[in-house]
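Inspection log for the structure reproduced underneath, given as structure tokens.
The values are calculated or read from the model by the stated rules, or taken from the named source; none is laboratory data. Remember, predicted model here, so these are calculated numbers, not experimental data. Cβ sites come from the backbone with ideal geometry, for glycine too, and all protein chains shown count toward neighbours.
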Amino acid sequence: MITIGAQHAIALVARTLLGRGDSALVESPSYPHAYEALRLTGARLVPVSVTADDGWDESALEQTLQRASPAMGYVMPDFHNPTGRTMSPELRESMLAIALRQGTTIVADETTAELAIDAVDTPLPLAAYGPAVLIGSVGKTVWGGVRIGWIRAERQLIQKLTRARSAGDLGTPVLEQLVVANLLDDFDSILVQRSEQLRRGRDHLETVLRRAFPEWRVPHVAGGMTAWINLGAPVSSQLTLAARNEGLLLAAGPRFGIDGAFERFLRLPFGYSAEETDRAVAALETAWGSLARGPMVDSSFLAEVV
Ligand SMILES: Cc1ncc(COP(=O)(O)O)c(C=O)c1O
């Protein structure tokens, strides 16, 4: 099914597969608008940790599937947003095998899957290891303004989604679909260009951040479009608020978790030019300096504001 971007796909799949009282496995941190879409169904979100250093908490993922038997699991196996991590072939296989036994539908958001930067050993796509519903989009490969995404699933589920969809919208604009169909012939070269742009952006951001903030932990990511940085102190909301005063809009770490976690983390996108990144890092330096001087504010309040 062609959808109006991946967000539309996530919301549609969530409201078709989930109901009040169900549980849904999610990664923590994850893409915040997916949390919102899943929460709207009345489902309870059960988080499993992913870190920039170690990737997925494998035993927690397997045990959560076994113990909670969630109706749905929403995962980003390739260049996870925000950590940039990629799930190992072994975990793909075991996750899908347990999910199949427990009756859990695994929904993989592959919006970032084609944003490889380093030539690392990329596992096969998730669906090569077992049954999964796949969501994708051209939002990150081409442009977020082209509102075209998709859902790949068994025919039966697609029919259910079609019935669920018509109350909210009657289809994806054909003009945008034709634009994307037209790009498909050149897609490989578009991906190469995108990868080069992201490599330049990532390398530059890593270099300037390590120079400006030696106390931060800046991970090296092999793909995706964001770095999940450990600030070394629980000040993410304060920092983003101070950065806003410098004209820099960022989402604080807690936006990417549930229940206020990740106050020590900051997600920084690296898809920008060197000049824009330099301006952002200069603003962050001023903001960081103001934190060191200013009084510590109640960060639970700030998490609400940002
Ligand atoms: C992981 C992930 N999924 C889905 C989306 C939404 O994509 P779209 O613009 O196609 O709705 C985004 C956009 O930021 C994203 O990062």
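Values for this structure:
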quantity: Neighbours by Cβ (under 8 Å, 6+ apart or cross-chain): first from the stretch 190-212, under 13 Å from Ala227 (Cβ atoms) and assigned by TED's automatic domain parsing to the domain that holds Leu266; second buried (at least 18 other Cβ atoms within 10 Å of the Cβ) and of a type in the set (S, T, N, Q); calculated: Gly201/Thr277; His204/Thr277; Leu205/Thr277; Val208/Thr277
quantity: Unique match (being surrounded by 19 or more Cβ atoms within 10 Å (Cβ to Cβ) and of a type in the set (D, E, K, R)) among Arg210, Arg202, Arg217; calculated: Arg202
quantity: Test: residue in the stretch 283-291 that is within 29 Å of Leu115 (Cα to Cα), of a type in the set (Gly, Ala, Ser) and crowded, with 20+ Cβ neighbours inside 10 Å; calculated: no
quantity: Any hit, the stretch 261-269, residues being crowded, with 18+ Cβ neighbours inside 10 Å, outside the structural domain of Glu114 (by TED's automatic domain parsing) and farther than 30 Å from Ala24 by Cβ; calculated: no
quantity: The stretch 16-35, residues that are charged (D, E, K, R) and buried (at least 24 other Cβ atoms within 10 Å of the Cβ); calculated: Glu27
quantity: Gly145 farther than 26 Å from Met72 by Cα, within 16 Å of the ligand (Cβ to nearest atom) and exposed (fewer than 12 other Cβ atoms within 10 Å of the Cβ); calculated: yes
quantity: Helices (runs of 4 or more DSSP H) within the stretch 1-117 that include 2 or more residues in contact (Cβ under 8 Å) with a residue 40 or more places away in the chain and more than 16 Å from the ligand (Cβ to nearest atom); calculated: 5-17, 58-68
quantity: Residues (under 26 Å from the mean Cα position of the chain (by Cα) and either of a type in the set (Phe, Trp, Tyr) or away from the ligand (no atom under 16 Å from the Cβ) (or both)) located in the stretch 172-190; calculated: Ala181, Leu184, Asp186, Phe187, Asp188, Ser189
quantity: Conditions (1) more than 17 Å from Met225 (Cα to Cα); (2) surrounded by fewer than 24 Cβ atoms within 10 Å (Cβ to Cβ): number failed by Pro70; calculated: (2)
